[in-house]
Each structure stands twice: as structure tokens, then as C-alpha cells.
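The values are calculated or read from the model by the stated rules, or taken from the named source; none is laboratory data. Keep in mind the model is a prediction, meaning the values are calculated, not measured. All Cβ positions, glycine included, derive from the backbone under ideal geometry; neighbour counts span all protein chains shown. Heavy atoms of the whole protein, side chains included, go into the accessibility calculation; ligands, DNA and RNA do not. Shrake-Rupley method; radii C 1.70, N 1.55, O 1.52, S 1.80 Å.
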Amino acid sequence: MTDLTAELSSFLAARHVTMHGVADVALCRERFPEAPWLAPEHFPHALVIAHPVLEGALETVVDQPTHLYFRHYGQVNRWLDRITLAAGVFLESQGYQALPIPASQTLDALDLTAHLSHRHLGFMAGMGWRGRNNLLVNEQHGSRIRLASVLTDAPLAIDGPRTEEQCGNCKLCAQACPAGAIGATADEFRLDKCHELLSEFRKIQRIGQRICGVCQKACVRFKRKGGAGS
């Protein structure tokens, strides 16, 4: 297990992956009980990979997504999909099963179902905590990250979930949210309000997708050194 985990980490580092973790899939089966590929005997582990959303792209966002942010959002998703595919090929070359799950893969826009929640797996993999904006918040990048996962039966070392929440008194995301969807705690997040506004943003010419970026931009506490949030 240790050797394979180390080999995988080296494989990812050579491809400029700086954030990844491994989750026990059994810990989130209750959230997706009808997904047969979540059976522990098939894919008991999930490799979760993150990539930062670049500050330059987020700075173009004011109170709605811009075309530059939209293009960057797509670039990051495609990068994640290429990396998870490469990681899956690597794991299969070692004799294990692997199933990459795309970075952006909503199955039903009405009930907001998906294959799984990358951010929940990221939380289970110890990559951060659940922020007030219902996103995974990471020490280095805050919620300014995108995620994708690879389900596998490879015996990788599991990274335990984080129990502490470190947003403290910061409520910048709640103050910035144009939908008024973010409350005092993560449990008060109003997905319905968020989705309603995202559906409006989708109508912006040449956007055509439910994206926003406003609360991610507001997460300035974790900006690079020398930036406004440092």
C-alpha cells in the first residue's frame, strides 16, 4: 500500500498536481445509495484531485460570471479530466480497477443529482472543510478550487476526514452572494436560492452553463502572498 501510494503521488507530482487525497467511499455511500459502482467490493476508495481557480480569472467576476471566467472554468475542468484519466490509466497498469468521474457532471438539472459529490469526497479525504458557501474550503486556496475524482479498488492509504472548520468569523462569501443563499453556517446554505440564480446566469449570452464564481472570489483570506487578502 505504502509503495503504491508513494508511486501515485510521484506520478501526480510529475504532472503538476499539488492537491490530492484519498477517501473511503463507504463514508459517503449514504449520500448516493442507488449508485451500484459505489459498492465497497468494486470501488472502495476515491482519489480526489484539486486544481486552483486562478486569481486572474476570478478578478474579472463582479456580481455574475464573465466570459473569461467561463472559459477558465472550462479549462480547469478539462485539465482535471485529463489528469484523472491519466491517474486511472496508471492504476489500471498496476493491476487495479479505476473509474474517473468528470469534474463537472450534473445528471439532472432539476433535482441536481450527480454521480457523486467531489467536494464531499474531498472533505472525506481531509483536503479541507465545508464552508458557509457549501464548497470545500482548503487552507491554501480557500474555496477557489475545482475537483475531480477517480474511484478505484487500489489499496491506497486513506486520508481521514477533517473535523474542524476554520472559516472562523469570516463571512465575506455570505456578504457577497448575489442570491442571498449563504447563511451563518454551512447547514443554512440555501441550494434552492443558489440554483435559481445560476439558472438566470445560464441565460447570459455565450455562457449557457450554471456557474457563478462570486463566493469563490470573495474568499480572499487565502489569496496569494502580497494579494489583497494576505
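Scanning the stretch 47-57 turns up no residue that is surrounded by fewer than 18 Cβ atoms within 10 Å (Cβ to Cβ), among the hydrophobic types (A, V, I, L, M, F, W, C) and at pLDDT below 85. The C-beta contact set for the stretch 66-88 (first residue within 18 Å of residue 55 (Cβ to Cβ) and in a helix (DSSP H, G or I), second residue open to solvent by less than 20 Å² (accessible area, probe 1.4 Å) and among the basic types (Lys, Arg), distance under 6 angstrom, 6+ apart or interchain) is empty. Could you list all residues from the stretch 15-28 that are open to solvent by 70 Å² or more (accessible area, probe 1.4 Å), under 18 Å from residue 154 (Cβ atoms) and not charged (D, E, K, R)? Passing the criteria: only 27. Restricting 196, 164, 139 to residues that are in contact with a Phe, Trp or Tyr (Cβ under 8 Å, 6 or more places away or on another chain) and without any contact (Cβ under 8 Å) to a residue 40 or more places away in the chain narrows the list to 164. Taken over the stretch 74-101, the criterion of being over 13 Å from residue 17 (Cβ atoms) and buried (at least 19 other Cβ atoms within 10 Å of the Cβ) is satisfied by 88, 91, 98, 100, 101. Against the test of being touching a helix residue (DSSP H, G or I) at 6+ places or on another chain (Cβ under 9 Å), more than 27 Å from residue 186 (Cβ to Cβ) and polar (S, T, N, Q), the options 94, 140, 64 yield a single qualifying residue, 94. Within the stretch 150-169, the set of residues being out of contact with any Gly (no Cβ under 8 Å at 6 or more places or on another chain) and buried (at least 19 other Cβ atoms within 10 Å of the Cβ) comprises 151, 154, 156, 158. Among the criteria (1) surrounded by fewer than 19 Cβ atoms within 10 Å (Cβ to Cβ); (2) touching a Leu at 6+ places or on another chain (Cβ under 9 Å); (3) in contact (Cβ under 8 Å) with a residue 12 or more places away in the chain, the one residue 60 does not fulfil is (3).
Just give me the residues in the stretch 111-135 being among the aliphatic types (A, V, I, L, M), modelled with pLDDT of 90 or more and touching a strand residue (DSSP E or B) at 6+ places or on another chain (Cβ under 7 Å), in sequence order. Residues satisfying the conditions are 121, 124, 125, 127. Within the option set 219, 177, being more than 30 Å from residue 97 (Cβ to Cβ), in contact with a Ser or Thr (Cβ under 6 Å, 6 or more places away or on another chain) and open to solvent by 20 Å² or more (accessible area, probe 1.4 Å) holds for one residue only, 219.
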